[in-house]
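The values are calculated or read from the model by the stated rules, or taken from the named source; none is laboratory data. Keep in mind that what you see is a predicted model, and the values were worked out from it rather than measured. Neighbour counts are summed over all protein chains in view; Cβ atoms, including those assigned to glycine, are modelled from backbone coordinates with ideal geometry. Surface accessibility is based on the protein's heavy atoms, side chains included, excluding ligands, DNA and RNA. Shrake-Rupley method; radii C 1.70, N 1.55, O 1.52, S 1.80 Å.
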Amino acid sequence: MAADIPESSISGAPARAAEMPKTWRPQEVEEGMYQEWEAAGLFHADPTDPRPHFSVAMPPPNVTGELHLGHAEYTLQDLYVRYKRMTGHEALWLPGTDHAAIATQNVIEKQLASEGTSKEELGRAAFDQRVARWYEEYGGYIVRQLKRLGFSADWSRLRFTMDEPYVRAVREAFVRLYNDGLIYRGPRIVNWCPRDRSSISDLEVDWQEHEDTLYYIRYDMADGEGALVIATVRPETMLADTGVAVNPNDPRYREFIGRTARLPLVGRTLPVVGDESVTMDFGTGALKVTPGHDPMDYEIGQRHSLEVLSAIDKDGNMVNEEWVPDELRTRDALTARDRVVEMLRDREHLVRTEAYVHEVGHCDRCGEIIQPLVDDQWWCAMSDLARPAIEVVERGEVTFIPDKWNRTYLDWMRGLRDWNVSRQLWLGHRLPIYYCFADQPAPHDLASAREAATHVFASVEEPSACPECAGRNIAQDPDVLDTWFSSGIWPFATLGWPDQTAELDAFYPTDVLDTAREIINLWVARMIMTSLRFTGKVPFHHVLIHAVIQDPQGQRMSKSKGNGVDPLQMVERYGADAVRAWACDVGLPRQDVRFDERLIEEYSKFANKLWNVARLVLMNADGVDVQAHPARGSDPFDQWILSRLDGLVAGVTAAIDGYRPSEAVRAIYEFTWKELADWYLEAAKPRFRLDAADPARQQAVSVALHCVSVVVRLLHPFMPFVTQAIWDLLPGGGGALIARSTTASWPPPGEPTDPPLETSMAALFELVRRLRDARKELGVGEREHVPATLRQAGTADPFLLSVHAAEALALLARVDIVEELPGEPGRVVVTDGLEVVMGAPAAGRSSDPGVLATEMAAVKANIERLEQRLGNADFVSKANPEVVRRTRDQLDAAQEKRAALEEAISRAE
RNA sequence: GGGCGGAUAGCUCAGCUGGUCAGAGCGCCUGGUUUACACCCAGGAGGUCGCGGGUUCGAUCCCUGCUCCGCCCACCA
């Protein structure tokens, strides 16, 4: 199933190694490599390929400008796509971009404003051209940036949510929902953005804390008997009041229910109603009801059949002639507030005021304060759509990773309200709703003349006549769809839906979706709902929620704060491999990450380290017979590194499969640097120097090459560039690691690991460290070899007494084990049941009994601790027997060490 | 108002199912012209694991309260 290096005799490897630059310079090669891959068609997915399929739909970036670090997290998608290709799957990563109606219109309008003009001045046609130009320019720009990160998406299938086929899919989806009765038009209170002159959905409201004033206003009763004092932060909306509400359980006000209050300044009469939604202990417990300008009041109004009045218009002006007195009319609601308050004060209706901090809704695109008002809008009924979408998550057909998001999703879905899908923008998908005016010409201002239509119908195709009366006086609804409506059908619309294409058949449902938590409700939920509705299938099985990258101070990165980091700048500085490895490391499972450039730098160093490991091995590889899978052989270092390598393959594979990419990339890093480079290769160097035909050398080089070959493949999904470059130089390597082939390039599982050997080697390494320390204390020169005797002083690991160990000590610690010291004894090292006595250096310091005394103190403290624990009857009887046994072993070892140290100290004195 | 996550070395973070788990990288200090790499090698210093309780023979790890930070949801005007 998987490929290894084929058996062959190496020739030319050292020559190639000689040409390898000493330093890996990603900036010089990555772009060229990428172009080669792309030209070779490596990223293209073939729906007719018989191998198992795997697919990911790329969350389409907004075509509003440049990349941010969230896009670097897309590396997680590339990781899985490349990994699946390497394990024998035909994998599709389908890329695309989103028109982002409201966001893009905002950006372009700002541009126009800076040019001293506006979209109204330009006119609709010229504006559309401007938009098209924008998409042309920035759509390509975004794609180029994504490519620079090495993303292996199938660019031949690039989709844009405004492309003609996609537009048709959007219309199809809308028409189906409309014909099923799930989309309807009606007056409801909406979040109105006066600047964008459009409604926005609840999810697009950005709540910000404001310091306002709470005004207490006296509403006298119409019959002159008593009064109710209400509290409000928006006194100006009182002009549209149509009632006063109190809680029916509130004894203070019970007797007011059913009576009539008189609206100050205006004099209109208002019924007093009882409604349990009124909080008794907020303000005075009495509430003015303004159904036209407050969502909660709207619902109270609905329950009590109160009139809905509008005092504020869609520009945020308070100019309504019917409800606003002349002297209060103003172009600005805040000015209106001042005037209302002034008048209330003059007429002694203002009881008092107090400072009040609360949250005020803002448009999350332009920042304008949201004006709740009642308007005719298009709605999508959610309950029928939500139910199955809840069930698939409850049943685990769709799971979120980390799994805590399952609950977030379910909580939100269970409380869904109908979705306002229409927007009053110029940019976006026009609703495929048409009005027929029978024999009357279609009115010019359709927005206000919809009601005059004789017939209303939805149509996927542009209709030329009314299907009911064949009339030709028809006009399309001027509203556009919420951007999320169109992106909500992304996973299947990009594959050709509603047509039953080969792609849809082959790659749908997709496997993994990777996205940001802030759009779980906005986007993920809607994809699940539409997919179940239109395809009867879930759109994806696993939803990865990657981390939000904060700035180094823990603040959210945002354009307005100017604290964003440009991923491409990081690519320029450290290479795409480093940025990618970083993204995989921090992206999952963590959910909040402070940006730390040092971590990217660490991975750029790692790329260089790996490059040099390959250089070293290759420059020693001439004339070696490479074995496909070298046997562990007889050399303990070979056995050890191969055991560790087999463990690594298993661990990395499991970590990737278990969506723990961070664990995977760190394991590869540790193995390569700490074990392969620092221990194995250092120990193998003498064998590298042997004659080319020497079997010991052949074996060492084979093992080293095998390690490099495996590491490079394990790392490829994370760091494709440096790994491919090395792979191309390896004997038996070469050829794209993600190419389709009959054999998969992912390393197959190896043999079981050898834990006893790994333990022995760990003990050896510890001994080497101790001896290095001792050399330092003695002031021995770096290169100077020191003689030492070694004897068992307890239950030593037999391996440490072997010839192999002695050779390793000579090589790695420059300590030569002898029968008898030629001169005076120097430092004594006691560890792991061994006593090593080093000879005193010719011109160095002699042994320092103080060092041994310090060590002795530590050992004694340790013994005391262990004895105390074992002396505790509860511990011995209740603790896990295994733990007790281990503690006894520790105590035995410590006592052995104390004895050995005592002896050593007495001899030194 | 409800919910979630975080608080471990100067900095950024690992620490799985409680008992060698107190770690890594960077920074700092010492020493290094080795068949790769100074983007390197060998070492060192540095932490009451946010605070208070509790469970347990034993807690960084479990429970609870508190403080601080971040985030999500919410129609208390």
*Once you put a point 7 Å from the Cα of residue A:19 and another 7 Å from the Cα of residue A:358, both along the Cβ direction, what distance in nm separates them?*
7.4
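Under a Cβ-only charge scheme (Lys and Arg +1, Asp and Glu -1), can you give me the dipole magnitude of chain A about the Cα centre, in debye to the nearest 20?
Working: 98 positive and 139 negative charges, 197 e Å.
Using only the charged Cβ atoms, the result is roughly 940 debye.
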_Positive end of the dipole of segment A:863-909, charges at C-beta (+1 Lys, Arg; -1 Asp, Glu), about the Cα centre: which of A:875, A:905, A:887 has its Cα farthest in that direction?_
A:875
_Whole-Hz ³J(HN,Hα) from phi, Karplus 6.51 cos²θ - 1.76 cosθ + 1.60, for segment A:716-726, glycine and proline x_ = 3, x, 7, 10, x, 6, 5, 5, 5, 4, 6
_Please report the net charge: other residues with Cβ closer than 10 Å to the Cβ of residue A:687, K and R +1, D and E -1._
0
*Hey, with R₀ at 35 Å, roughly what FRET efficiency would residue A:124 and residue A:417 work out to, going by the Cβ-Cβ distance, to 0.05?*
0.60
_Environment charge of residue A:772, counting only residues whose C-beta is closer than 15 Å and scoring Lys/Arg +1, Asp/Glu -1_ = -1
*How long is the gain from residue A:383 to residue A:254 if the chain were fully straight, where each residue apart is worth 0.36 nm and the alpha carbon distance is subtracted?*
42.8 nm
*Under the rule of -39500 (n - 2.57) per DSSP H run of 4 or more residues, summed and divided by the residues of chain A, what mean residue ellipticity at 222 nm is obtained, to the nearest 500 deg cm²/dmol?*
-13000 deg cm²/dmol
_If R₀ is 45 angstrom, what is the calculated FRET efficiency for the pair residue A:449 and residue A:408, using the beta carbon separation as r and rounding to 0.05?_
0.55
*Residue by residue through segment A:101-108, which ³J(HN,Hα) values in whole Hz follow from phi under the Karplus form 6.51 cos²θ - 1.76 cosθ + 1.60 (θ = phi - 60°), with glycine and proline marked x?*
3, 5, 5, 5, 4, 4, 4, 5
*Whenever you get a sec, line up A:362, A:444, A:89, A:304 from highest to lowest accessible area (probe 1.4 Å, protein heavy atoms).*
A:444, A:304, A:89, A:362
_As an exercise, take the mean of 1/r over every pair of distinct alpha carbons in segment A:492-566, invert it, and state the Kirkwood radius in angstroms._
14.5
_Semi-axes of the equivalent ellipsoid for segment A:525-626, Cα gyration tensor, largest first, Å_ = 37, 25, 11
*Based on the Cβ-Cβ distance of residue A:347 and residue A:376, what FRET efficiency does E = 1/(1 + (r/R0)^6) give at R0 = 35 Å, to the nearest 0.05?*
0.45
*Taking Cα centroids, how far is segment A:636-654 from segment A:179-236 in Å?*
65
_Two-site label geometry, residue A:824 and residue A:184: point separation in nm, points 7 Å out along Cα→Cβ_ = 10.2
*For segment A:441-458 and segment A:122-168, distance of Cα centres in Å*: 33
*Taking H as built 1.01 Å from N, whose amide H comes closer than 5 Å to the amide H of residue A:827, not counting residues under 5 places away?*
A:838
*Could I have the simple spin-label model distance between residue A:229 and residue A:883, label points 7 Å from Cα toward Cβ, reported in nm to one decimal?*
6.4
*5 angstrom amide H check on residue A:233, placed H, neighbours 5+ away*: A:215
_Extension reserve of the residue A:394-residue A:674 stretch, reckoned as 0.36 nm per residue once the Cα distance is removed_ = 96.4 nm
*Cubic angstrom per residue, convex hull over Cα atoms of chain A*: 242
*asked:* If a paramagnetic tag sat 7 Å from the Cα of residue A:650 along the Cα-Cβ line, which residues of segment A:719-748 would have the backbone N under 17 Å from that point?
replied: A:747-748
*Between residue A:743 and residue A:220, what length comes free when the chain is fully extended (0.36 nm per residue of separation minus the Cα-Cα distance, one decimal in nm)?*
179.7 nm
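For the peptides A:210-221, A:815-826, what is the packing order when you average, over each peptide's residues, the other Cβ atoms within 10 Å and list the highest mean first? Each step should come with its number before you reach the end.
Details: A:210-221: 17.1, A:815-826: 14.2.
Highest-to-lowest ranking by the protection proxy: A:210-221, A:815-826.
Translational D (Stokes-Einstein, µm²/s) of segment A:743-826 at 10 °C and 1.306 mPa s when Rh comes from the Kirkwood sum over C-alpha pairs?
Details: Rh = 14.8 Å.
For these conditions, the coefficient is 107 µm²/s.
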*Which value, in Å² and to the nearest 10, is the accessible area of residue A:673 when all protein chains are kept and the probe is 1.4 Å?*
50
*Taking H placed 1.01 Å from N in the peptide plane, check which residues at least 5 places from residue A:815 or on another chain put their amide H under 5 Å from its amide H.*
A:786, A:810
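Using a probe of 1.4 angstrom, how much of the accessible area of segment A:763-892 is carbon and sulfur, in percent?
Reported share for carbon and sulfur atoms: 51 percent.
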*Heavy-atom accessible area per residue - chain A, 1.4 Å, Å²*: 43
